[in-house]
Amino acid sequence: MTLASRWPAVLQAVMQGQPCALADSHYPQWHPAPVTGLMNDPNGFIWFAGRYHLFYQWNPLGCDHRYKCWGHWSSVDLVHWQHESIALMPDEEYDRNGCYSGSAVDNNGVLTLCYTGNVKFDDGGRIAWQCLAVQNDDGSFTKQGPVLPLPEGYTGHVRDPKVWCHDGQWYMVLGAQDLQKQGKVLLFTSDDLHHWQPCGEIAGQGVNGLTDSGYMWECPDLFALDETHVLICCPQGLAREPHRYLNTYPSVWMSGAFDYETASFAHGELHELDAGFEFYAPQTTVAEDGRRILIGWMGVPDGEEMLQPTCAYGWIHQMTCPRELKYRDGRLWQTPARELEQLREAEHQWQGRASDAPELEATRLEFELSTSYVNADFAGALRLTVDDYGVRLERASLKNGEMLTRYWQGDVSHLRVLCDSSSIEIFINHGEGVMSSRYFPDHPARVRFEGASDITLRYWSLRRCMIE
């Protein structure tokens, strides 16, 4: 039975599930999150007709990855979001096992979705098509069906089209796995979004000298930024290192020069995009004023996600805050979108020894901290340490209570920290590094600073901002 044939069950799940989710003290008070069920990848992030549109992978029927449709939010300012109609349901033969991730484009004034239709077979095999859907006058979407079949030489793991237009030509990058079980990023071009021509592999295992770089690359996003090109991707199977790539699957970026004439991308090494416990499947768009804005899923596939306590309330996962991207000094810099300052209430300042600092209510909180040495305890559920080695985050495993650690290495002088009911986003040195994590404290949660070092502290309570 397809999800589309279960509309009554979807409506019932939403009506019954939302009050339960809102009763959970861990439900976000200013980050976008599902009204019920499971949410994962951001999809179709675009500024179109005076609004931001953010679609997302959503299973309204449970806290698992069994079904995948596209939910839809819109906003004028990246802060105040409203619900739109469900955009895509897996109701066709070519997407019967899920409308997987993709992007959105403005095609001569028509909002057009580009997504992966996923089909699984009883013998364990699978196949994928890249598909289109167009928005109707009433805000709903009409599917136009597959426009790109499974490319020859690759397994059924080909997905997540990111599409853009350059000089009147359409381009698409796709995450893929070749028949040797090596992760790749594929490039295609089209004159009309319906007929696509392959241009080869532009990144992945064995490309541009990359080795030991994973068996599947997901969620690629290639864009120009400050006179260079950046490719964001999620390599599955990347080897863990002592202090990075510690999540089940990481997100990475690489920079270089993309040549439209030769359809080639000469890039450098991989860098971890976010060093926290939860971050995956980021997608970017261009704001009306030209800024490159990123939103990610504050989650990671597999791992301990199904042990999160929010599942008892019928919901799981949230988005990150929107971030502005810059490229300078060979680094990708990320800072909270300036629009988020609308959430700030009265500003407070404090300076002195860390252990004498006031305890702060952490449910809706932003603070800036100037220091090179400090410890911060978040309600006994998360610990932040800054020292000569950089930044460490520690929390207990949901599986066995073992202490787990994530690292950002480098000299630290400044932190900007955004807190919600069950999340923290740490921007290091004005965006040189980021660590995004979920944690599940008893509420009311408070953050306490420790240590003899002097610190300078600015902080704000943040307003509630629920999706309408």
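The values are calculated or read from the model by the stated rules, or taken from the named source; none is laboratory data. Values in this document were obtained by computation on a predicted structure and should not be read as measured data. Because the Cβ atoms are built from the backbone with ideal geometry, glycine has one as well, and the counts that use them run over all protein chains shown. Each accessible area value is taken on the protein alone, full model and side chains, heavy atoms only, with ligands, DNA and RNA left out. Shrake-Rupley method; radii C 1.70, N 1.55, O 1.52, S 1.80 Å.
Data table
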{"quantity": "Residue match in the range 317-340 (condition: of a type in the set (A, V, I, L, M, F, W, C), open to solvent by 10 Å² or more (accessible area, probe 1.4 Å), out of contact with any helix residue (DSSP H, G or I) (no Cβ under 7 Å at 6 or more places or on another chain) and under 18 Å from E366 (Cα atoms))", "calculated": "yes"}
{"quantity": "Residue list for the range 293-310, filter: open to solvent by 40 Å² or more (accessible area, probe 1.4 Å) and either over 18 Å from D41 (Cβ atoms) or assigned to a loop (DSSP other than H, G, I, E, B) (or both)", "calculated": "D302, G303, E304, L307, P309"}
{"quantity": "Candidate set from the range 239-255 (those that are of a type in the set (G, A, S) and either open to solvent by 20 Å² or more (accessible area, probe 1.4 Å) or touching a residue at least 60 places away in the same chain (Cβ under 8 Å) (or both)); member that is farthest from Q169 (Cα to Cα)", "calculated": "A239"}
{"quantity": "Output for the range 6-46, where each listed residue is assigned to a loop (DSSP other than H, G, I, E, B) and among the charged types (D, E, K, R)", "calculated": "D24"}
{"quantity": "Those residues of the range 120-171 which are aliphatic (A, V, I, L, M) and closer than 22 Å to P235 by Cα, in sequence order", "calculated": "I127, A128, L150, V158, V163"}
{"quantity": "Positions within the range 446-461 being within 25 Å of H80 (Cβ to Cβ) and surrounded by 20 or more Cβ atoms within 10 Å (Cβ to Cβ), in sequence order", "calculated": "Y459"}
{"quantity": "Subset of the range 151-161 (residues that are open to solvent by less than 50 Å² (accessible area, probe 1.4 Å) and not in a strand (DSSP E or B))", "calculated": "P151, G153"}
{"quantity": "In the range 73-125, the residues that are among the charged types (D, E, K, R) and in contact with a strand residue (DSSP E or B) (Cβ under 7 Å, 6 or more places away or on another chain)", "calculated": "E84, E92, D95, R96, D106, K120"}
{"quantity": "Selection status of Y154, on the phi > 0 side of the Ramachandran plot and of a type outside the set (D, E, K, R)", "calculated": "no"}
{"quantity": "Which listed residue is open to solvent by 40 Å² or more (accessible area, probe 1.4 Å), in contact with a helix residue (DSSP H, G or I) (Cβ under 9 Å, 6 or more places away or on another chain) and either within 18 Å of H194 (Cβ to Cβ) or not in a strand (DSSP E or B) (or both), from W129, W164", "calculated": "W129"}
{"quantity": "Per-region count, the range 257-287, residues surrounded by fewer than 18 Cβ atoms within 10 Å (Cβ to Cβ) and either under 30 Å from A49 (Cβ atoms) or within 24 Å of the chain's Cα centre (by Cα) (or both)", "calculated": "6"}
{"quantity": "Close pairs (9 angstrom Cβ cut-off, 6 or more residues apart or separate chains): under 18 Å from K399 (Cβ atoms) in the range 308-320, β-branched (V, I, T) and surrounded by fewer than 19 Cβ atoms within 10 Å (Cβ to Cβ) anywhere", "calculated": "none"}
{"quantity": "Scope the range 53-100; condition of a type in the set (A, V, I, L, M) and open to solvent by 50 Å² or more (accessible area, probe 1.4 Å); matching residues", "calculated": "L61, V76"}
{"quantity": "Residue that is within 25 Å of the chain's Cα centre (by Cα), under 19 Å from L113 (Cβ atoms) and crowded, with 23+ Cβ neighbours inside 10 Å, where the choices are G183, G175", "calculated": "G175"}
{"quantity": "The one condition in (1) of a type in the set (S, T, N, Q); (2) loosely packed, with under 15 Cβ neighbours inside 10 Å; (3) part of a strand (DSSP E or B) that S355 fails to fulfil", "calculated": "(3)"}
{"quantity": "Inter-residue pairs, beta-carbon under 7 Å, first under 17 Å from K181 (Cα atoms) and in the range 197-224, second open to solvent by 50 Å² or more (accessible area, probe 1.4 Å) and not in a strand (DSSP E or B), 6+ apart", "calculated": "G204/Q182; Q205/Q182; G206/Q182; D212/A239; Y215/K181; Y215/Q182"}
{"quantity": "Residue check for Y373: touching a strand residue (DSSP E or B) at 6+ places or on another chain (Cβ under 7 Å), under 20 Å from E272 (Cα atoms) and not charged (D, E, K, R)", "calculated": "no"}
